[in-house]
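Notes to accompany the following structure.
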Amino acid sequence: MKYTPHQTLLLLAFLLSIFSLHAQESGGFRIEAPEKHGFSPERLERLSTYLERELAVRKTPGAAVLIMRHGVIVYELTFGEQDMVTKTPMDLNSIFRIYSMTKPITSAAVMMLWEQGYFKLDDPISLYIPEFSRMKVAIENEDQSEILSLEKPNREITIQDLLRHTSGLTYGIFGKPTAIRQAYMNTNLSPGQQTIEEFIEKLTLLPLIAHPGERWEYGYSTDVLGFLVEKISGMSLEAFFDQYILSPLKMNDTGFHIPEEKLPRAAQGFDYSTNNYPTHLKDVARPPLMHSGGGGLVSTLYDYARFSQMMLNGGELDGVRLLGSKTVELMTSNHVGASVERGDLYLPGPGYGFGLGYAVRLEPGLSAMAGSQGNYRWGGWAGTGIWIDPQEEMIAIYMMQDVASSAYLRDRFKNLVYQAIVD
């Protein structure tokens, strides 16, 4: 069949519109056959079969996963339901509470200000948030059931300490229950129930679990960094993110709450308890009182893929540069030396160190997980995770809203992705 020039133009416009819509729905990324990028389709099917089986057995509501290599999507799939009550199917554009996957974004914001010369990484945080000059270190009895005394820190907490979690701040809910951790749990530090100023006032009256720089301890460090961004920029963390990160990267579904018109896309899940401390998935339908730099964002697979591809590209995506390539290199290098105590909950595990916002793999061996030296990763409380592998030019993301299944599935998911690489 022959087309007139006018018909040809109309057909071309139609095809371009379809391509544009598909690209928009895929986060602006092309989708290509996995075998073109070193993946075995048959081996990827193992991943699909595993997730379908395990999510059914564990009664997880559902999940959405994405693998990118060489800057294109090679695998994306959803499993189960977005909402078990309404029976809404999981969708590639479902919106998830990403909790601690907020931390890399906050860390990037901090480093954007660092690049402009506002501070040095070894500056004491008290230069910018004076309340931290009053903090003390707790001394516990032998079985850690009682705080015996408080002492002056050997040195002050630095911005670098906050970025790499060697500040001495803790969350309290992870690891062995101790008197110090219980003190944090007994104090209402919930970002949804107070302003950032109220949060900082309470936090700085609590004791440190260790002297700054001496111990890796997962805690509220990145929430403090969020306040640092606000203090230096003169903007709310929400406004800073939107103007300098989210809008430039076209992360249109990422924010500190879900607008009413997008609530039908919200993924729902289960509440959970750790150390007999009940935790409820946060209400994302309303703007929070405090913009939590440590765990406040909601996002989608595609939005987080855009941020991650920016990092993999050395700070740039689609002509928009957020960070210099050497800054990304600094962020994804190990900042936790051999003399730093790992504590009883060093989340990255053997073979890993920690950079400025990410766990960083130090060598091919030691870890029980597959991976490449130099890959960097992090996850979120309710079952979200990301890792970026510069050697393989690969990004993998999984999202669900099930705290109980997150740790169980995380490492298995990673191993199954790597076993599918055959080039």
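The values are calculated or read from the model by the stated rules, or taken from the named source; none is laboratory data. Every value quoted in this text rests on a predicted model; they were computed, and no experiment measured them. No Cβ is skipped: glycine too gets one built from the backbone with ideal geometry, and neighbour counts run over all protein chains shown.
General remarks:
- Residue satisfying condition, being of a type in the set (Val, Ile, Thr), over 18 Å from the mean Cα position of the chain (by Cα) and in the same structural domain as Asp411 (by TED's automatic domain parsing), within set Ile98, Ile73: Ile73
- Scope the stretch 94-134; condition touching a Lys or Arg at 6+ places or on another chain (Cβ under 9 Å) and touching a residue at least 60 places away in the same chain (Cβ under 8 Å); matching residues: Ser94, Ile95, Arg97, Tyr99, Trp114, Tyr128, Ile129
- Matching residues in the stretch 231-244 - criterion: being part of a helix (DSSP H, G or I) and either buried (at least 20 other Cβ atoms within 10 Å of the Cβ) or hydroxyl-bearing (Ser, Thr, Tyr) (or both): Ser233, Leu237, Phe240, Phe241, Tyr244
- Within the stretch 396-423, tally of residues that are over 17 Å from Tyr50 (Cβ atoms) and either surrounded by fewer than 23 Cβ atoms within 10 Å (Cβ to Cβ) or outside the structural domain of Gly295 (by TED's automatic domain parsing) (or both): 4
- Criterion applied to Ser333, Ser339 was being surrounded by fewer than 21 Cβ atoms within 10 Å (Cβ to Cβ), at pLDDT 95 or above and among the polar types (S, T, N, Q), and the one residue passing it is Ser333.
- Total residues in the stretch 188-230, condition more than 17 Å from Tyr99 (Cα to Cα) and assigned to a loop (DSSP other than H, G, I, E, B): 15
- Verdict on Lys250 being outside any loop (DSSP other than H, G, I, E, B), within 17 Å of Leu92 (Cα to Cα), in contact with an Asp or Glu (Cβ under 9 Å, 6 or more places away or on another chain) and among the basic types (Lys, Arg): no
- Cβ-Cβ distances below 7 Å connect the following pairs, each with a first residue in the stretch 76-93 that is part of a strand (DSSP E or B), a second residue that is of a type in the set (Asp, Glu), and a separation of six or more residues or different chains: Thr78/Asp91; Phe79/Glu52; Gln82/Asp91; Thr88/Glu81; Pro89/Glu81.
- Just so you know, in the stretch 118-133 the residues that are closer than 10 Å to Ile159 by Cβ and not hydroxyl-bearing (Ser, Thr, Tyr) include one that is surrounded by the most Cβ atoms within 10 Å (Cβ to Cβ), and it is Ile125.
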